[in-house]
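A short worksheet on the structure shown next.
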Amino acid sequence: MSKLTRRNWMKGALAAIAGAGTISTSPSISALGAQPDSSAGERKNRIKLALMSSRGDLQTLGRQMGVTHVITGARGLKRGGTVEQYAEQLARQKTQYEEVGIKIAGFEGPPINHGRIKLGADGRDEDIQDFKTAIQAMSEVGLDMICYNWMVGLGWIRTNNKLPARGGAVTSEFDLESFNNPDSSDSRRSRRRRSDDPISEEQVWDNLEYFLKEVIPVADKCKVKMALHPDDPPISPLGNIARICTSAANFRKIMNIVPSPMNGITFCHANFKLMGEDIYALAREWSQQNKIFFVHFRDVEGTKEKFHETFHDNGPTDMGRIMKILYENGFDGPIRPDHAPAMGSETGERATGYGTLGKIYAIGYMKGLLHGQGIPCE
């Protein structure tokens, strides 16, 4: 029996606090002290906990929590650059993080603005060339993942950022009825970003196919993973804009347009849940196929027509089960908390899902889920 020291006791206590929600939300875990799966020792994959764009206080707090990976955006890549110019800029950005002990696990948001590409607008060929140049530059400096979306004209949308949540926290909500109401103040921000002209599903599919046929062969050669994010919310059309990343079937179709080990998914499982999909089956299917390159760890309550973000420990999803399925089927990419409610002193602001306190709480909970199941992480 190991000796019970003050240090060991503190480590156990902290793990228990971080994973306090595990028993109620993860039925597959009998206790935080559960023994690792007997085959776990044969696995070499390790889940990479990450934070989004860690700078300033959050960067320091992340390191203090033991989070050594960051998901960020590519900075300073101007249109028309060369591989050498882009590589120099990306190497500088990578070094800035490495100097404080943090590794870039991937870019969230393309290294080149792809708005014209998604629209099929004038200038898309030039943007695609820059995109391919950026992929080559990423390979040169050892960066290997891009999370991108195909939400044309609109990004992810919420209609209410001041929804009361547990204990006075504040969270965000999407309500399709409010979004479609021209007199609703809640939808003004989202309505400003709508396209003036209708965009059909056929157009969206055509533009995506054109992009993939140009870019995936380069990504394949450079070993840079292209991780497509689902539409948020997964509704088509949204206003007058069609969306296609709205079902597991469509994702399978997209991955088959240009079959490649580099053509895969950002598994934002809350969006797949809103699609009505079996997210546990999808986690197993796609991680077995090595198609999940990146995970957005979040939960929601409701339907795609009306839902709100929950804390990681009080939503309907068995979050521990998701972690276990991903790990046991080989996932070893980055995973970050997403869209957490605003807490404490940050509740006076609108709930963007990216507050510091919500991230701190989420990382502690995620560590509890991992440690409680004997899942290694870094």
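The values are calculated or read from the model by the stated rules, or taken from the named source; none is laboratory data. Predicted, not measured: the structure shown is a model, and the values here were computed from it. Heads up, the Cβs are rebuilt from the backbone with ideal geometry, glycines too, and the neighbour counts pull from every protein chain shown.
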Q. Which pairs have Cβ atoms under 7 Å, sit 6 or more apart or on different chains, and link a residue in region 95-112 that is on the phi < 0 side of the Ramachandran plot to one that is aromatic (Phe, Trp, Tyr)?
A. 103/97; 104/97; 110/131; 110/148; 112/131
Q.
If I go through region 299-312 residue by residue, how many of them are surrounded by fewer than 21 Cβ atoms within 10 Å (Cβ to Cβ) and assigned to a loop (DSSP other than H, G, I, E, B)?
A. 2
**Q.** Residue ID - farthest from the chain's Cα centre (by Cα), chosen from residues in region 258-290 that are within 13 Å of residue 300 (Cβ to Cβ), part of a helix (DSSP H, G or I) and of a type outside the set (A, V, I, L, M, F, W, C)
**A.** 273
Q. Taking region 324-378 only, how many residues are within 21 Å of residue 69 (Cβ to Cβ) and assigned to a loop (DSSP other than H, G, I, E, B)?
A. 16
Q) Which condition number does residue 85 fail, the rest of (1) in contact with a helix residue (DSSP H, G or I) (Cβ under 7 Å, 6 or more places away or on another chain); (2) farther than 22 Å from residue 357 by Cα; (3) surrounded by fewer than 20 Cβ atoms within 10 Å (Cβ to Cβ) being met? A) (1)
Q: Taking only region 251-282 into account, find how many residues are surrounded by fewer than 19 Cβ atoms within 10 Å (Cβ to Cβ), closer than 28 Å to residue 223 by Cβ and in contact (Cβ under 8 Å) with a residue 40 or more places away in the chain.
A: 3
Q) Among the residues of region 109-120, which ones are within 30 Å of residue 177 (Cβ to Cβ) and not in a helix (DSSP H, G or I)? A) 109
Q: Kindly establish whether residue 108 is surrounded by 14 or more Cβ atoms within 10 Å (Cβ to Cβ) and either within 30 Å of residue 66 (Cα to Cα) or at pLDDT 95 or above (or both).
A: yes
Q. Taking region 82-138 on its own, how many of its residues are farther than 23 Å from residue 220 by Cβ and among the β-branched types (Val, Ile, Thr)?
A. 3
Q. When you scan region 195-250, how many residues do you find that are more than 24 Å from residue 133 (Cα to Cα), surrounded by 16 or more Cβ atoms within 10 Å (Cβ to Cβ) and of a type outside the set (S, T, N, Q)?
A. 15
Q | Whichever residue in region 291-342 is under 19 Å from residue 46 (Cβ atoms) and among the aliphatic types (A, V, I, L, M) and, among such residues, is farthest from the chain's Cα centre (by Cα) | A | 325
Q. Which condition does residue 54 not pass, out of (1) modelled with pLDDT of 90 or more; (2) under 19 Å from the mean Cα position of the chain (by Cα); (3) more than 21 Å from residue 322 (Cα to Cα), if it passes all the others?
A. (1)
Q: Keeping to region 55-93, report how many residues are of a type in the set (Val, Ile, Thr), part of a loop (DSSP other than H, G, I, E, B) and closer than 30 Å to residue 368 by Cβ.
A: 2
Q: Filter region 121-168 down to the residues that are part of a helix (DSSP H, G or I) and among the hydroxyl-bearing types (Ser, Thr, Tyr), then identify the one that is farthest from the chain's Cα centre (by Cα).
A: 133
